[in-house]
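My questions will all concern the structure given below.
What follows is calculated from the coordinates using simple rules that are stated; it is not laboratory data. All values derive from a computational prediction rather than experimental measurement.
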Amino acid sequence: MTFNLKTLLVILTLASLPCALNGQSYSIDHQAGAILKLVSARMNISSDLVSTSSTEAEVGYQFGGFYRINIDKIYVQPEVLFSKIKTQLVFNDYNGVPGFNPMSQFEFNTLELPLNIGYRIGNLRFMMGPSFSILLSGERSFLNNIEKVTSEYNQTNFMWHWGIGGDFERIFVDIKYESGLSKTGESLSNLIGREFVPKQRQWVISVALNLLKD
């Protein structure tokens, strides 16, 4: 499914809710609060030139706020999150020198804008939706040099997620699988000079606290 089609499906779903519910009896309630996420990912790169670190996966965290509107069993939940993610890449036989495998470390700060559209069955939730990422700053450490690389990267990225969650009183727990373009892929393309890196696949575990009173 392409980016345009996914986005169109989201827009059509949101636009059709008022029409679908018009004239029917339904309940509406609102929830909002703080949210914390842990992101873990590892790429399988098919290349003799570069590989991911054998000891480090791409890890990061996100924190911010969420708002959820529940319309009977359907809910829509936008979020605003600050994200920090680090990744390490190993360059094999760099510059043609056998056994010279320097490591490059990247750190990115981004503003994440995910949108969840889901369905509730009791305390269980199923969700999917897009996530837009806005680059705030980027830093690269390679061969003892540390430099800002914010201007070298796309300022916005897009990912798509699917997941399952559970509500426990005021505590909400989600597990999501995300795919899309990542900063790791861009990092490799910039350093190697060509695009051959697969899109990112990552798991996200989140815990949220509802601060609205019932």
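Using θ = phi - 60° and the Karplus curve 6.51 cos²θ - 1.76 cosθ + 1.60, what whole-Hz ³J(HN,Hα) does each residue of the stretch 125-133 get, with Gly and Pro shown as x?
Karplus-based 3J(HN,Hα) across the stretch 125-133 equals 10, 10, 9, 7, x, x, 9, 9, 10 Hz.
Beyond 22 Å between alpha-carbons counts as too far, so tell me which of 37/176; 73/213; 148/176 fall in that bin.
Correct reply: 148/176.
How much length, in nm to one decimal, is gained on full extension between residue 164 and residue 203, taken as 0.36 nm per residue of separation minus their Cα-Cα distance? Intermediate values should be presented prior to the final figure.
Details: separation 39, 0.36 × 39 = 14.04 nm, distance 1.18 nm.
Extra length available between residue 164 and residue 203 comes to 12.9 nm.
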